[in-house]
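Here is the structure we will look at, set down as structure tokens.
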Amino acid sequence: MGAVGEKAVAPAALAGIDEEVRVTFRYPVRFTRGLLDPASTLLRDVMDAHGRARLLAVIDEGVVQAHPTIATDLQAYCAAHSDAVELTAPPLVVPGGEVIKNQPGPVDEIRAAIDVHGVDRHSYLLVIGGGAVLDAVGYAAATAHRGVRLIRVPTTVLAQGDSGVGVKNGINAFGKKNFVGSFAPPHAVLNDFDLLPTLSDRDWRSGISEAVKVAALKDPVFFDWIERNAVELRERSLEAMAWMIHRSAELHLDHIATSGDPFELGSSRPLDFGHWAAHKLEQLSHHELRHGEAAAIGIALDSTYSYLTGILNHADWRRVVELFETVGLPIWDPEMAVPGSGGRPAVLDGLEDFREHLGGRLTVMLLERIGSGVEVHELDEAVILEASDLLRRRKEGGEQEGWELTRALAH
Ligand SMILES: NC(=O)c1ccc[n+]([C@@H]2O[C@H](COP(=O)([O-])OP(=O)(O)OC[C@H]3O[C@@H](n4cnc5c(N)ncnc54)[C@H](O)[C@@H]3O)[C@@H](O)[C@H]2O)c1
Ligand SMILES: [Zn+2]
């Protein structure tokens, strides 16, 4: 075929085209109480539709059990604001916890509901739930119609302070965490602290590990604050927890907005400090370990590794481990020692999974002092096992043992 009105040009001679496509995302993250009280305008105000917004809601089954009126509260809210919003159907209830991420079914059902109820790219999908439900529903929202607007209402400490405010979603596949998913910023995130008191003690504490993580890497003043408030946090002070969640969300968002790599195209993933082991431990324990618990173990492990290799001083290492102990999070679990293929602990395979998921060169964040991380490109398996054993002895041996055993190593 020839160029229009001209003589024929050989395809190889056609000029290449280079275009830069710039996209900016902006979304509000708000903190409130009584989100579904008809007197609150927060939810209606984030829907900037011309005319009435169409809304489909999906709620975590665990949240429905703990807050039995939540679906009717939402219906009443939409009725009170019927000039601005139309609920297209009664809220869908989906399984809570990791079970929703371990199968493709629920994501398909949500996509089907998006289709049946005519949710288009100008409608809204509202999801109320823990991190697992947000991840799965977020994936459905990101892929139906190539992306429908998602309003997240996170209901756990972890989801309010970390996962629910970020840009990642996905489900597990082929025995690997978050193997299928996408990067998709939400339309808005509404954190309602009144949802938190019904959490189990384990889920209440779990999310503290992500705050410790981001504080240890980025904000020594926040780390001090968590230390000073550790007992209040463990004893379920909602006021202390609200403050912790706010600062954790702020630091996570600041990283996403300013790191220059919101969609993690590079090899560096600082916010995954301690997570190479954590993701593997979750899988090995068949998700008996909560994500936040596994993260605490992984962070304790990599902090101990940092100490044993001379990167982190003894006092700072001790602060990290003692903080997890004070807030009631695990620093070690028998899963750490379970043998895999070849007899070596299976958790070590987590490093290869991590490298593969990231692509390219293995990059692992270690701690150089409270408030500052340092990246390395290889880990010594013998030292990882030594670190694990040290934490095991600390956990099993009671108060002093872990520290006494390492006195000789102190520097
Ligand atoms: N997308 C990300 O960036 C990101 C970041 C960190 C973690 N995550 C993911 O988050 C998941 C963990 O999320 P999680 O820690 O929020 O736990 P979860 O979603 O597994 O929820 C734990 C349990 O609490 C219940 N629940 C939720 N809210 C409740 C409430 N208010 N009252 C009573 N029960 C309630 C749930 O039904 C579930 O049974 C993991 O799959 C992890 O991989 C994702
Ligand atoms: Zn995490």
Fill in: Under-15-angstrom lysine pairs by C-alpha in the chain, whenever the two are 8 or more apart or on separate chains
6
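Taking the Cα centre of the chain as origin, sum charge times position over the Cβ atoms of Lys and Arg (+1) and Asp and Glu (-1), and report the length of that vector in debye to the nearest 20. The partial results should precede the final answer.
Numbers: 39 positive and 59 negative charges, 123 e Å.
Charge dipole, the chain, about its Cα centre: 600 debye, nearest 20.
Dividing the Cα convex hull volume of the chain by residue count, how many Å³ per residue is that? Write out the running numbers ahead of the final one.
Working: hull volume 72.3 nm³, N = 411.
So the per-residue Cα hull volume is 176 Å³.
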Discussion item. Test of understanding: what is the full-extension gain from residue 344 to residue 75, defined as 0.36 nm times their sequence separation minus their Cα-Cα distance?
Written reply: 91.5 nm
Worksheet entry | Per residue Cα convex hull volume in Å³ - calculated over segment 11-63 | 237 Å³
Practice prompt. Could you check the simple spin-label distance between residue 385 and residue 250, using points 7 Å along Cα→Cβ, in nm with one decimal?
Written response: 4.5 nm
Worksheet item: Rounded, prolate or oblate: which fits segment 168-305, taking a ≥ b ≥ c as square roots of the Cα gyration tensor eigenvalues, rounded meaning a/c under 1.5, else prolate when a/b beats b/c?
Response: rounded
Worksheet item: Going by average Cβ neighbours within 10 Å, how do the peptides 135-145, 19-29 rank, with the highest at the top?
Response: 135-145, 19-29
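Calculate how large, on average over all directions, the projected area of the Cα convex hull of segment 1-144 is; give the answer in nm² to one decimal. Could you put the intermediate results ahead of the total?
Details: hull surface 56.2 nm².
Reported value for the Cα convex hull: 14.0 nm².
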Response to the item:
The long-range amide H neighbours of residue 274, using H built 1.01 Å from N in the peptide plane and a cut-off of under 5 Å, are 365
Worksheet entry | the chain - percent relative contact order, Cα under 8 Å, separation 6 or more | 13 percent
Item to complete: Tell me which residues come under 5 Å, amide H to amide H, from residue 85 once H is placed; ignore anything under 5 positions away on its chain.
Response: 53
Practice prompt. Output the peptides 155-161, 194-200, 275-281 sorted from most to least packed, where packing is the average of other Cβ atoms within 10 Å over each peptide's residues.
Written response: 155-161, 275-281, 194-200
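How far, in nm, would the chain grow between residue 32 and residue 48 when pulled straight, counting 0.36 nm per residue and subtracting the alpha carbon separation? Write out the running numbers ahead of the final one.
Numbers: separation 16, 0.36 × 16 = 5.76 nm, distance 1.93 nm.
The span from residue 32 to residue 48 would gain 3.8 nm if fully extended.
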Practice prompt. For the chain, report the accessible area per residue in Å² (1.4 Å probe, heavy atoms, rounded to an integer).
Written response: 45 Å²
Worksheet entry | Dipole axis of the chain (+1 Lys, Arg; -1 Asp, Glu on Cβ), positive-most option in 161, 186, 229 | 186
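If you roll a 1.4 angstrom probe over the protein chains with everything in place, what fraction of the accessible area of segment 180-221 belongs to carbon and sulfur, to the nearest %? Let's see the in-between values first.
Working: 690 of 1210 Å².
Solvent-exposed carbon and sulfur of segment 180-221 make up 57 percent of the total.
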Fill in: Value of [θ]222 nm, deg cm²/dmol, for the chain, DSSP H segments ≥ 4, -39500 (n - 2.57) each, nearest 500
-13000 deg cm²/dmol
Practice prompt. Under 20 Å from a label point 7 Å along Cα→Cβ of residue 393: give me every residue in segment 318-339 with its amide N that close.
Written response: 318-323, 325, 331-338
Fill in: Distance in nm between pseudo-label sites at residue 9 and residue 265 (7 Å out along the Cβ direction from Cα)
2.7 nm
Worksheet item: Highest mean first, what order results for 109-119, 260-270, 59-69 on Cβ atoms within 10 Å?
Response: 59-69, 109-119, 260-270
Practice prompt. Would you kindly derive the ³J(HN,Hα) couplings of segment 170-184 from the backbone phi angles with the Karplus curve 6.51 cos²θ - 1.76 cosθ + 1.60 (θ = phi - 60°), listing them in order in whole Hz, with x for Gly and Pro?
Written response: x, 10, 8, 7, 6, x, 10, 5, 6, 5, 10, x, 8, 9, 8
Worksheet item: Once Lys and Arg get +1 and Asp and Glu get -1 on their Cβ, which of 268, 79, 388 lies farthest toward the positive end of the dipole of the chain?
Response: 79
Fill in: Farthest positive-ward along segment 235-320 dipole, Cα basis, beta-carbon charges - from 285, 245, 317
317
Response to the item:
Connecting every pair of Cα atoms under 10 Å apart in the chain and solving the GNM, the largest mean-square fluctuation among 170, 292, 343 falls on 343
Worksheet item: Which distance in Å, rounded to a whole number, links the C-alpha centroids of segment 41-72 and segment 87-142?
Response: 12 Å
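For segment 66-147, count all C-alpha to C-alpha pairs, find those more than 15 Å apart, and express that count as a whole percent of the total. Walk me through the numbers before you get to the answer.
Details: 1944 of 3321 pairs.
In whole percent, the long-distance tail amounts to 59.
The values are calculated or read from the model by the stated rules, or taken from the named source; none is laboratory data. Given the structure is predicted, the values throughout are model-derived calculations rather than measurements. Glycine gets a Cβ as well: all are built from the backbone with ideal geometry, and neighbour counts include every protein chain shown. Protein only, heavy atoms only, side chains kept; ligands, DNA and RNA dropped before computing areas. Shrake-Rupley method; radii C 1.70, N 1.55, O 1.52, S 1.80 Å.
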